[in-house]
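One structure is given here, and the rest of the page talks about it.
The values are calculated or read from the model by the stated rules, or taken from the named source; none is laboratory data. Being a predicted model, the structure only gives us computed values, none of them experimental. Neighbour counts run over all protein chains shown; Cβ positions are idealised from the backbone, glycine included. With ligands, DNA and RNA removed, areas are computed over all heavy atoms of the protein, side chains included. Shrake-Rupley method; radii C 1.70, N 1.55, O 1.52, S 1.80 Å.
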Amino acid sequence: MKVLGLIVEYNPFHNGHLYHLQKAKELIEPDVTIAVMSGNFVQRGEPAIIDKYARTEIALEAGIDLVIQLPLVYSIQDAGGFALGSVWTLNLLKVSDIVFGSETNNLRLLKTLADVIVKEPREYIDRLKTHLKSGISFPNARKYALRDYLTMNLPGEDLDVEEAGSSNNILGLEYLVAIEKLKSKIVPHTIKRLGANYNDPQFKGSFSSATAVRGMILKGSKERLSEVLPPFSYEVVLKEIRDKGPVTLESMDKLLMGILRTMDRDDFKRYYGFVEGLDRRFADCSEATGNINDFFECVKTKRFTFTRIKRLVMNLLFKLTDDVVKNSWKYGPQYIRVLGFNEKGREYLSSIKRKLELPLITVPSHGKNLSRIASYEGVTLEIFLQQFSRDLKEAAVHSLFYERGSCNLEYRKRVIYKRS
């Protein structure tokens, strides 16, 4: 049985996403298509501009059969953590093939690089340490270390390692690393991205980036928005923005600055990712700045990028300590949280339900039945609680700025069932 797996955020779903979905289906000809999707906070270290239920509704309308939520502990981490949680989830769901977009479309290059990263040969590690000592960011240091290693060990090979430094190539590389680490049988494929670069904020026609699309939403550019979103996505996005309003880091400014100003250096050190003096920079900059964007500018250095800093703020917000993150890397996702399905997706879930090592959660109240949760062989109850409690908290926080709802709002949500 061909089961296509996609790793998505759909923040929001635009023409590039539709192109990727259609091409992936043409390539694999799947019996069922599953998307594992970030919840209400995404890998850039930001809130999703519209919530996970609206994005699930759009995904089902686009042709996804089953939408699964990626636990927060993975969705706001760097490319490695994000990819590990996503691939692990798809592997548990018996996915046969994964298709991801990349700037290079060179699967051979990405597989070669992934093999080096997993095996960690001495020459590569030495070069990585050397580049890190120069003060550059980890992604750039790794890119240059891979370039050096391949130059020394594969002379004459036509492998342009500079390609590996772009956003979607980095994610694609990490998907391959995760597949190898998990010894998964999932077969990877890649499709070349069309249009603007991932982070390009400028309008570039019908294939503008998600960054540009979010900018159009915030500016109220409805005419241009209709050019970059498929009609079914455009309708949902406009309704959600009109009725509930977009969520951004700027709209969360007072909450985030309040949290930062109530912490001192020892507090920062308790949370995942605070290394190399970042605790001092966070403490100093929270006192010296008056809004979240100025805070990011203050903390940023050549080594610490904006995106890394934003993720660290999310780690503070959701109290992600070293043990929570590292336990999740070691033991993997502890549940399958279903956000939506059509009839084909529902039937597929029913067919594999008894084979799953983890509980299926279709409504949050299922997570309260701890005796049932603990009966699954793939579950470590302590880690389940660490992961699931933060998924509930992310929904509660997001709703403050989206629906202005109570903490119990998540418990009233139901799986979205798209009938034929």
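Defining a contact as two alpha carbons under 8 Å apart and six or more residues distant in sequence, what relative contact order in percent does segment 252-369 show? Spell out each step's value before the answer.
Details: 83 pairs, mean separation 26.6, N = 118.
Computed value for segment 252-369: 23 percent relative contact order.
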Item to complete: Could you sort 327-340, 230-243, 77-90 so that the peptide with the highest average Cβ count within 10 Å comes first and the rest follow in order?
Response: 77-90, 327-340, 230-243
Discussion item. With the crude spin-label approximation of a point 7 Å out along Cα→Cβ, what separation in nm comes out for residue 265 versus residue 306?
Written reply: 2.9 nm
Response to the item:
Taking a straight Cα-to-Cα line shorter than 20 Å from residue 183, and setting aside same-chain aspartates and glutamates fewer than 8 residues away, one finds 97, 115, 120, 174, 357, 377
Discussion item. Given the options 320, 388, 263, identify the residue whose Cα lies farthest towards the positive end of the charge dipole of the chain (+1 on Cβ of Lys, Arg; -1 on Cβ of Asp, Glu).
Written reply: 388
Worksheet, complete the sentence: If the label point sits 7 Å along Cα→Cβ of residue 140, residues of segment 294-320 with amide N under 11 Å come out as 301-305
Fill in: Carbon plus sulfur fraction of accessible area for segment 47-126, probe 1.4 Å, in percent
43 percent
Worksheet item: For segment 388-400, in order, what is each residue's ³J(HN,Hα) by Karplus, 6.51 cos²θ - 1.76 cosθ + 1.60 with θ = phi - 60°, in whole Hz (x at glycine and Pro)?
Response: 5, 4, 6, 5, 5, 5, 5, 5, 5, 5, 4, 5, 4
Worksheet item: Picking from 140, 408, 153, which is most flexible by a Gaussian network model of the chain using Cα springs under 10 Å?
Response: 153
Practice prompt. Provide, for segment 208-297, the number of lysine pairs with alpha carbons under 28 Å apart, each pair being eight or more places apart or on different chains.
Written response: 8
Worksheet, complete the sentence: Restricting to lysines and to Cα separations under 17 Å from residue 393, and discarding same-chain partners fewer than 8 apart, the set is 52, 319, 368, 413
Item to complete: Can you pull the one-decimal nm distance between simple spin-label points at residue 347 and residue 294, each 7 Å off the Cα toward Cβ?
Response: 5.9 nm
Worksheet entry | Other-chain or far-sequence residues with amide H under 5 Å of residue 42's (modelled H) | 48
Response to the item:
Here the Cα Rg-to-2.2 N^0.38 Å ratio for segment 45-176 is 1.22
Worksheet entry | All Cα pairs of segment 254-326, percent lying beyond 21 Å | 14 percent
Worksheet, complete the sentence: Residues meeting the amide H criterion for residue 271 (H placed from the backbone, H to H distance under 5 Å, 5 or more places apart or on another chain) are none
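Work out the length of the dipole vector of segment 1-64 about its Cα centre, built from +1 on the beta-carbon of each Lys and Arg and -1 on the beta-carbon of each Asp and Glu, and round it to the nearest 20 debye. Walk me through the numbers on the way to the answer.
On the way: 6 positive and 8 negative charges, 25 e Å.
Dipole magnitude for segment 1-64 comes out near 120 debye.
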Worksheet item: Based on Cβ point charges of +1 for Lys and Arg and -1 for Asp and Glu, what charge dipole magnitude is obtained for segment 213-303 about its Cα centre, in debye rounded to the nearest 20?
Response: 160 debye
Worksheet entry | Residue-span extension gain [residue 330 to residue 382] - 0.36 nm each, minus C-alpha spacing | 17.4 nm
Worksheet entry | Distance cut-off 40 Å, percentage of C-alpha pairs in the chain lying past it | 13 percent
Worksheet, complete the sentence: Total charge of the residues flanking residue 257 in space, meaning their Cβ is under 12 Å from its Cβ, with Lys and Arg +1 and Asp and Glu -1, is -2
Practice prompt. List the residues whose amide H sits under 5 Å from the amide H of residue 70, counting only those 5 or more places along or on another chain, with H placed 1.01 Å from N in the peptide plane.
Written response: 37, 38, 39
Discussion item. Quick check for me: using +1 on Lys/Arg Cβ and -1 on Asp/Glu Cβ, what's the dipole size of the chain about its Cα centre, in debye to the nearest 20?
Written reply: 680 debye
Fill in: Dimensionless Rg/Rh of segment 284-420 - Kirkwood Rh, Rg from C-alpha atoms
1.06
